[in-house]
Every structure is written in C-alpha cells, then in structure tokens.
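Participant: Please read through the structure below; I'll follow up with questions.
The values are calculated or read from the model by the stated rules, or taken from the named source; none is laboratory data. Not measured: the values here are computed from a predicted model. Here the Cβ positions follow ideal geometry from the backbone for every residue, glycine too, while neighbour counts run over all protein chains shown.
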C-alpha cells in the first residue's frame, strides 16, 4: 500500500450532504461530477444506476459523497455497530460545540460523550454521531483541547 486516498459516503441527497459537510463542518468543495453505465456497475456492483458525486477536503482528508440513483438501493441504512460498517474519526477542539452545530443538519449523537480512562488516549472525549443517511463520524476531543 502506498497511502489512503479518501473516505466515501453514500448519501440520499447530495445537496443536503454538501450543506452539512461545508457549512456544518467547514469542508471545502474540490469538484463534482457524474458517473454511470458499465463503469459504475463494474466498480461498485450497482446495476442500472447513475451516481452524482462530490469530492471535499476536510482537515487534510478527502471525502467522497455519492448520490446513487437507480433500482439497486437498500431500503434502510445499516447501523454503526453492524458488521462491515465503517466510520470516519475526526479530532476536534470541543465535542459539545460540534454536536450542537451538527444537530441543525439532523446528525445525532448515539449517546453521550465518554472520556477514555486508560491507554494512550486517556482523557480523550469521544462520541459517535450518525447522519440522516446512516453515515457515522466519531468525534474525538483530546485532553489538551
């Protein structure tokens, strides 16, 4: 492996997701585009679908948002504790302020922030937040913040 390139999230509405990532978290839009046909089917397995996409930059991380259109869509998103589910972890200065800000975009914490009591990250406050599409972000506030 050479390096990680990006983290991707499938979303129901590209516009709503862009508002969250740009206005709510301060990401920068890099580019948008569309894809479909045999290329999309071969890469993702999505049959008879098209996808609108956006690439964002946030804290040195590239984020890809994909709005799939077509018949191959799950009825309900998976949950953060389901096997195979992934999340993005972001280090923040103030977990409580972030949770208050993202609530306007229908992102909800999965409980209350907890402080790690042992290990290399002792003192770090952490919480998972889940968005309207089921995507999960872990917010981590180091003890020095």
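Participant: Inside the range 103-123, can you point out the residues that are without any contact (Cβ under 8 Å) to a residue 12 or more places away in the chain and out of contact with any strand residue (DSSP E or B) (no Cβ under 8 Å at 6 or more places or on another chain)?
Facilitator: Passing the criteria: 103, 117, 118, 119, 120.
Participant: Could you grab me the full set of residues in the range 49-69 that are within 15 Å of residue 25 (Cα to Cα) and in contact (Cβ under 8 Å) with a residue 40 or more places away in the chain?
Facilitator: Scanning the range 49-69 gives 55, 61, 62, 63, 64, 65.
Participant: How many of the residues in the range 24-35 are out of contact with any helix residue (DSSP H, G or I) (no Cβ under 8 Å at 6 or more places or on another chain) and either under 17 Å from residue 90 (Cβ atoms) or touching a residue at least 24 places away in the same chain (Cβ under 8 Å) (or both)?
Facilitator: 3
Participant: Taking the range 80-102, which residues are part of a loop (DSSP other than H, G, I, E, B) and in contact with a strand residue (DSSP E or B) (Cβ under 6 Å, 6 or more places away or on another chain)?
Facilitator: 80, 87, 92 - these are the residues of the range 80-102 that are part of a loop (DSSP other than H, G, I, E, B) and in contact with a strand residue (DSSP E or B) (Cβ under 6 Å, 6 or more places away or on another chain).
Participant: Which of the residues that make up the range 1-22 are in contact (Cβ under 8 Å) with a residue 60 or more places away in the chain and not in a loop (DSSP other than H, G, I, E, B)?
Facilitator: 7, 9, 10, 16, 17, 19, 20
Participant: I would also like to ask the following. Can we say residue 46 is within 20 Å of residue 133 (Cα to Cα), assigned to a helix (DSSP H, G or I) and either in contact (Cβ under 8 Å) with a residue 60 or more places away in the chain or in contact with a strand residue (DSSP E or B) (Cβ under 9 Å, 6 or more places away or on another chain) (or both)?
Facilitator: no
Participant: Still on this structure, please answer the following. Criterion first (modelled with pLDDT of 95 or more and either loosely packed, with under 13 Cβ neighbours inside 10 Å or farther than 18 Å from residue 9 by Cβ (or both)) does residue 122 satisfy it?
Facilitator: no
Participant: If I ask for residues that are loosely packed, with under 14 Cβ neighbours inside 10 Å and at pLDDT below 85, which ones from the range 79-97 would you list?
Facilitator: 79, 81, 82, 83, 84, 85, 86 - these are the residues of the range 79-97 that are loosely packed, with under 14 Cβ neighbours inside 10 Å and at pLDDT below 85.
Participant: Taking the range 8-34 as the region of interest, how many residues are buried (at least 16 other Cβ atoms within 10 Å of the Cβ) and touching a strand residue (DSSP E or B) at 6+ places or on another chain (Cβ under 7 Å)?
Facilitator: So the count comes out to 10.
Participant: Could you grab me the full set of residues in the range 100-109 that are closer than 16 Å to residue 141 by Cα and surrounded by 13 or more Cβ atoms within 10 Å (Cβ to Cβ)?
Facilitator: Correct list: 101, 102, 109.
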